[in-house]
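One structure below.
Where a number appears in this text, it was derived from the coordinates with a stated rule and is not lab data. Because the structure is a prediction, the values reported are computed rather than measured. Cβ sites come from the backbone with ideal geometry, for glycine too, and all protein chains shown count toward neighbours.
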Amino acid sequence: MITRIIGTGSYLPEHIITNDDLAQIMDTSDEWIASRTGIRKRHLAKEETTAFMASEAARKALEDAGIGADKVDMIIVGTITGDYITPSAACQVQDKLGAVNAVAFDINAACAGFMYALHTAYAYLQTGIYKTALVLGAENLSKIMDWTDRSTCVLFGDGAGAALVQAFEEGSQWASEDETMGKTRGLLAFEQGSDGAKGMVLNCRGRQNNNPLIENPFVPSYVSMDGQEVYKFAVSTVPASIHRVLEKAGIGVEDIKYFVLHQANLRIIQSVAKRLKADVDKFPVSLDHCGNISAASVPVLLDEMNRKGMLKQGDKIVMSGFGGGLTWASAVIEW
Ligand code: UT7
């Protein structure tokens, strides 16, 4: 069985907030944010909901693949900022698309959410349970930011990205309808992990109990982060994860055309490139205009690359996400 990404899409909210805009409302500067992170602006949702952004990204991925929503067997959304506790963002996307034949659910793996969702879809597709999956990362992070905490709120943005993934049986009539079949092997290898013991270094508490036993309910909670601990985690875990996934795929760093990393911080990306002894030009960047959009960052960047024509059939690409949980996940794909 060959599992391939056959379409991509993304949606970024209409409103753009620059570092200078933020400096008008808090004690920060373009110089501090850009030099520490590489971020210059981000999109923030105003009217857009997580489900709206996700379904717009999904629509574009379906359009890119030329596939109707009725052909989708499953929808998985990586998100920590769904609009509702229930229904899931994935069920809302199903409704908005009219993807009546799909099973739909969310995955909470923070910034690794899209990669976890992709791996989950891969497992269903490779075992023949389903054929076509919409895999998304969608976040409305600005609603869980403490806008008085300059050390976190300047880092994040909102948006959604989608990949349409399909399984092809080698040699089948169905597969032979696609002229590129036999020329690419699709998703080659995955590697992922979690470290719950370190989870509190990047956390956002959920709703708290407000039953009659509680004296002072409704304490609001926002994202809280030990930035330096997350930084140390990222620059050690990501290169190790990439080495492991390359080993599983039986190829080396030199075989990779692009490393599509979670877009948290330019310094993290540069450090990963250095540790892998890979040319930093192989690490495309979108955080300059998107900020950190958690689960959405990898699929949004992938879609930007796809639409710019950067991805050619046969190119080998590494994708890697890391973040809250703590969680991480990497994949090697042949485009
Ligand atoms: O998806 C994963 C998400 N998380 C990450 O990727 C985070 C990884 N960590 C980082 O990217 C970096 O740790 C940060 C960019 C978050 C922070 O950079 P840093 O070099 O670790 O700065 P710091 O936290 O040590 O703060 C240095 C100074 C402090 O001032 P003092 O105490 O030295 O006077 C902060 O108060 O910078 C100050 N500061 C700011 N100044 C201007 C913190 N935030 C800001 C700000 N503007 N927005």
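Miscellaneous remarks
- Annotation note: chymotrypsin sites (Phe, Trp or Tyr not before Pro) in the range 23-96 located in DSSP loop regions with a Cβ neighbour count of at most 14 within 10 Å are Tyr84.
- In terms of the mean number of neighbouring beta-carbon atoms within 10 Å, the peptides 193-199, 242-248, 72-78 order highest first as 72-78, 242-248, 193-199.
- Ranking Val135, Thr152, Asn19 by how far each Cα lies toward the positive end of the dipole of the range 2-168 (charges on Cβ) leaves Val135 at the top.
- Here the chain is treated as a Stokes sphere of Kirkwood radius computed over C-alpha pairs; at 4 °C and 1.567 mPa s its diffusion coefficient rounds to 65 µm²/s.
- When +1 charges are put on Lys and Arg Cβ atoms and -1 charges on Asp and Glu Cβ atoms, the dipole computed for the range 2-168 relative to its Cα centre reaches about 540 debye.
- The loop-placed GluC sites (Glu not before Pro) in the range 22-70, going by DSSP, that have at most 11 neighbouring Cβ atoms within 10 Å of their Cβ come out as Glu47.
- Where only alpha carbons of the range 243-335 are counted, the Rg and the Dmax (Å): 12.5, 35
- Viscosity 0.890 mPa s, 25 °C: Kirkwood-radius Stokes-Einstein D of the range 69-124 over Cα pairs, µm²/s: 218
- Working note: Debye formula, equal point scatterers on the alpha-carbon atoms of the range 2-168, no solvent; log10 I(q)/I(0) at q = 0.11, 0.16 Å⁻¹ is -0.47, -0.85.
- The charge dipole of the chain, taken about its Cα centre with unit charges on the Cβ atoms of Lys, Arg (+1), Asp and Glu (-1) only, comes to about 660 debye.
- For the range 277-331 versus the range 1-43, the gap between their alpha-carbon centres in whole angstrom: 14
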